[in-house]
1. How about the stretch 220-302: which GluC sites (Glu not before Pro) there are in a DSSP loop, with at most 11 other Cβ atoms within 10 Å of their Cβ?
2. Would you calculate, for the chain, the mean residue ellipticity at 222 nm contributed by helices, counting each DSSP H stretch of 4 or more residues as -39,500 (n - 2.57) and dividing by all residues, to the nearest 500?
3. So, in nm, how far is label Lys81 from label Asn2 when the simple model puts each one 7 Å beyond its Cα toward the Cβ?
4. Could you work out the relative contact order of the stretch 52-125? I mean the mean sequence separation of Cα pairs under 8 Å and 6+ apart, divided by the number of residues, in percent.
5. Restricting to the stretch 126-281, what percent of DSSP beta bridges are antiparallel, rounded to 5?
6. Please compute the contact order of the stretch 126-281 in relative form: average sequence separation of alpha-carbon pairs under 8 Å and at least six residues apart, divided by the residue count, as a percent.
7. Helix 110-121 against the longest principal axis of the chain: what's the angle in degrees, Cα atoms only, rounded to the nearest 10?
8. Ordered by residue, what ³J(HN,Hα) values in Hz, to whole numbers, does the stretch 41-56 give under the Karplus form 6.51 cos²θ - 1.76 cosθ + 1.60, where θ = phi - 60° and Gly and Pro are x?
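Nothing in this text is a laboratory measurement; each read-out follows from the coordinates by a stated rule. Computed from a predicted model, the values in this text were never measured in an experiment. Heads up, the Cβs are rebuilt from the backbone with ideal geometry, glycines too, and the neighbour counts pull from every protein chain shown.
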Amino acid sequence: MNRRLIGIDMGGTKLEAAIVDVGEGFRFVSRRRVSTEQEGGYDHILSRVAALIDECVHEEPRVAAVGVGMPGSVTVTGAVKNANTVCLNGRSFRADLQQRVNVPLVFANDANCFALAEARFGAGRGCPVVFGVIMGTGVGGGLVIDGQVREGLQSICGEWGHTILWPDDRFPCYCGKSGCTELFLSGPGIATRYAQRKGERLALPDILLREQAGDAAAVACVDEWMDNFGRALSNVINIVDPDVVVLGGGVSNALCLYDRGVEKVARYLFSDQLRTPIRQHRIGDSAGVLGAALLTWPAGED
Ligand SMILES: [Zn+2]
């Protein structure tokens, strides 16, 4: 059975809305993109998102709900925290947005939306338990079981980026702890590790080029990164033992993750054999808005 869903993806620089037709596959019926205009402040963003929702519901009024993927997480009281759209932090965005529109809203963070899209239609399709990983400017993750996102009691399910990899005060994290995985596996984190060796800050693709050219600092930096990736992801697999891990975000384009990185995961795993496929994402940039829409599609109806 096909049905039409509406999803909203709130990025730091753009807001995207889509009406998507889903069934065996998916097809975008219409998409809208506007700039987030963070500088306009909290109420301005609220109005922009509410207007996008109203436009989509006007076009497709039969939906039961609208899915919204947003940055950061929420505290137990419902306040946003750790969002890169910083004016949302500390605000009850979910409740405030719901008050502005006449359709029920379903929220999840962007990593959960990515994981859901890849689980339903991407690299995790057919797998009951999917761990979706985002490695980009930050490191996040989402767990999908039988087609449903697990939010968790504290809404932190899948947040492996802030598990502590190297407990050492030399590595302070913005979350208030030290030595978090994100500091070693995010794009900026890897760039910082290179800069500490070489005194020069480069983006990850340039570090990889230098590594291929034999630059000693780059070779050491990539070796360390692969090792850290293996340690961190093996911890996740030890606990969750998912059927597949899907990697997304800009850092996931580094092909060394899929051979050298996977070898390191196998080395640190509490099992003599790594059977878990570790795959690159398939859906790409559309996963956020597609996953948001899929939040409103109950499992078992596909
Ligand atoms: Zn942290």
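1. Details: sites: Glu224, Glu263, Glu301; in loops: Glu301.
In loop regions of the stretch 220-302 (DSSP not H, G, I, E or B), the sparsely surrounded GluC sites (Glu not before Pro) are Glu301.
2. Taking each H run of at least 4 residues, the total per residue is -10500 deg cm²/dmol.
3. The modelled label-to-label distance comes out at 4.4 nm.
4. Numbers: 77 pairs, mean separation 22.9, N = 74.
Relative contact order here is 31 percent.
5. Numbers: 11 of 19 bridges.
Of the beta bridges lying entirely in the stretch 126-281, close to 60 percent run antiparallel.
6. Values: 262 pairs, mean separation 37.7, N = 156.
Computed over the stretch 126-281, the figure is 24 percent.
7. Result, in degrees: 80.
8. Karplus-based 3J(HN,Hα) across the stretch 41-56 equals x, 4, 5, 5, 5, 3, 5, 5, 5, 4, 5, 4, 4, 4, 4, 5 Hz.
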